[in-house]
Amino acid sequence: MANGPSVTPWDVSGTVNYDKLVKEFGVERIDSAILRQIERAAGELHPFLRRGVFFSHRDMNWVMNEYEKGNKFFLYTGRSPSDAVHIGHLVPWMFTKWIQDRFNVDLWFQFPDEEKFLFKDSLDFKKVGHFLQENMLDVIAIGFDPKRTKFLVDTLHANLMYKPACEVAKRITLSTIKASFGFDDSANIGQAFYTAMQSVPAFLPSYLSGRTIPCLIPHAIDQDPHFRIARDVLPKLGFPKPASIHSVFLPPLSGAAGKMSSSIPTGAIYTTDSAKAVQEKVMKHAFSGGQPTVKEHREKGGNPEVDVPYQWLRFFEEDDDKLKKIHDDYQSGKMLTGEIKQVLVDLLVRLLERHQAARAEAEDKVNDYIFKCQE
Ligand code: TRP
């Protein structure tokens, strides 16, 4: 896959050029018209929308139009268990929760526990099972409404999902798969089939109920190739094309390129990290846009555009006025590198304390979230 696209569902490398992705993927930028429509329906705009963290979409206007006519959509997103959850993963989930709360809609959350098994040599089902349990706690800790949220675990719900997956798979050629994901002939056949499984939750509620329910998928932009295929196939099965809304990646601690990855532990903050670990990681490893000496920093100021602490605050500091003051003080040299790092540490520690408390309580709730077919 080395010479394939730089952003695929399994690999994001180098500095991501989002303008280029918008063109390559054929998605639409979120513009002020769609923002106004979302604000009208939701009563407010999430900071991720105001700040361009969610930056592109497919058919979001259709979903909003239908909603305004009284035709509610359902949400669909997911997590492939393979590793511990880090704060980059929380971005689409926090946004999904906001939509669920604001629009009072159902969420189908997929855990494709075969995906990373098929893609990573080092993973067996025992390890995947461990991360499945762990990852479900993180998802529950986000605070999704248990009455409106349904977990689908591919191997657990195989009986339910396999037929619709075959309906999809029958309508996808190998050449489409190769072109969409950059596979060559050494890819295993499970990898080729997998996208059919990821398309199933996008129409399962319609398939089960016999009604046509619009689907909205919030996800990080790297997942788009799956849903581009789903949008081609689903109308052939009598279901609407799923709509989607896409986030940028949270940059890794080490700098503004690529995305946060669990494979580089010093580049990521995990949801289970202690306050001490957060402090150490940010202070030692966060790429700084500051000047080498305090004297120079006071004179020239820092560069918030490349400064990881500032860039992360853009994701997690919800107060626009506070964020602007940090930006201006850092840029002018009034705020030092050590100070902006401490602001980030304090915010992350608070966020993780809340998350970890909710995560500890989630242990007893898993069963309430798992979809029961007879519902
Ligand atoms: N493929 C995703 C991952 O690697 C998991 C996933 C399944 C997903 N269905 C989804 C992500 C829908 C976003 C939206 O984690």
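The values are calculated or read from the model by the stated rules, or taken from the named source; none is laboratory data. A quick note: this is a predicted structure, and the numbers were derived from the prediction, not measured. Cβ sites come from the backbone with ideal geometry, for glycine too, and all protein chains shown count toward neighbours.
Just checking, does the range 15-32 include any residue being of a type in the set (S, T, N, Q) and farther than 23 Å from GLY255 by Cβ? For the range 15-32, residues of a type in the set (S, T, N, Q) and farther than 23 Å from GLY255 by Cβ: present.
Table: residues versus (1) of a type in the set (Lys, Arg); (2) surrounded by 15 or more Cβ atoms within 10 Å (Cβ to Cβ); (3) out of contact with any His (no Cβ under 9 Å at 6 or more places or on another chain).
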{"site": "THR149", "(1), (2), (3)": "no, yes, yes"}
{"site": "LYS163", "(1), (2), (3)": "yes, no, yes"}
{"site": "LYS170", "(1), (2), (3)": "yes, no, yes"}
{"site": "ILE189", "(1), (2), (3)": "no, no, yes"}
{"site": "ALA196", "(1), (2), (3)": "no, yes, yes"}
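All of PRO218, PRO205 fail the test of being assigned to a strand (DSSP E or B), within 24 Å of LEU107 (Cβ to Cβ) and either in contact (Cβ under 8 Å) with a residue 12 or more places away in the chain or in the same structural domain as ASN61 (by TED's automatic domain parsing) (or both), apart from PRO218.
In the range 66-87, the residues that are under 27 Å from PRO309 (Cα atoms) and modelled with pLDDT of 95 or more form Cβ pairs under 9 Å with partners that are within 8 Å of the ligand (Cβ to nearest atom) and assigned to a loop (DSSP other than H, G, I, E, B), at six or more places apart or across chains, as follows: ARG79/PRO112; VAL85/ARG79. For LYS23, the criteria (1) surrounded by 12 or more Cβ atoms within 10 Å (Cβ to Cβ); (2) out of contact with any His (no Cβ under 6 Å at 6 or more places or on another chain) hold in every case but one, which is (1).
For ASN65, state whether it is more than 15 Å from the ligand (Cβ to nearest atom) and part of a helix (DSSP H, G or I). So ASN65 passes the test. Inside the range 167-188, can you point out the residues that are in a helix (DSSP H, G or I) and farther than 12 Å from VAL200 by Cα? LEU174, SER175, THR176, ILE177, LYS178, ALA179, SER180, PHE181 - these are the residues of the range 167-188 that are in a helix (DSSP H, G or I) and farther than 12 Å from VAL200 by Cα.
Any residue at all in the range 213-234 that's away from the ligand (no atom under 14 Å from the Cβ), over 28 Å from ARG29 (Cβ atoms) and either touching a strand residue (DSSP E or B) at 6+ places or on another chain (Cβ under 6 Å) or of a type in the set (A, V, I, L, M, F, W, C) (or both)? Among the residues of the range 213-234, not one is away from the ligand (no atom under 14 Å from the Cβ), over 28 Å from ARG29 (Cβ atoms) and either touching a strand residue (DSSP E or B) at 6+ places or on another chain (Cβ under 6 Å) or of a type in the set (A, V, I, L, M, F, W, C) (or both), which makes the answer no. Could you tell me whether any residue of the range 311-320 is outside any helix (DSSP H, G or I), within 28 Å of GLN110 (Cβ to Cβ) and of a type outside the set (D, E, K, R)? No: the range 311-320 contains no residue that is outside any helix (DSSP H, G or I), within 28 Å of GLN110 (Cβ to Cβ) and of a type outside the set (D, E, K, R).
Find the residue count for the range 126-180, including only residues that are of a type in the set (Ser, Thr, Tyr) and in contact (Cβ under 8 Å) with a residue 24 or more places away in the chain.
So the count comes out to 4.
Taken as a whole, the condition of being in contact with a His (Cβ under 8 Å, 6 or more places away or on another chain) and surrounded by 19 or more Cβ atoms within 10 Å (Cβ to Cβ) applies to ALA243.
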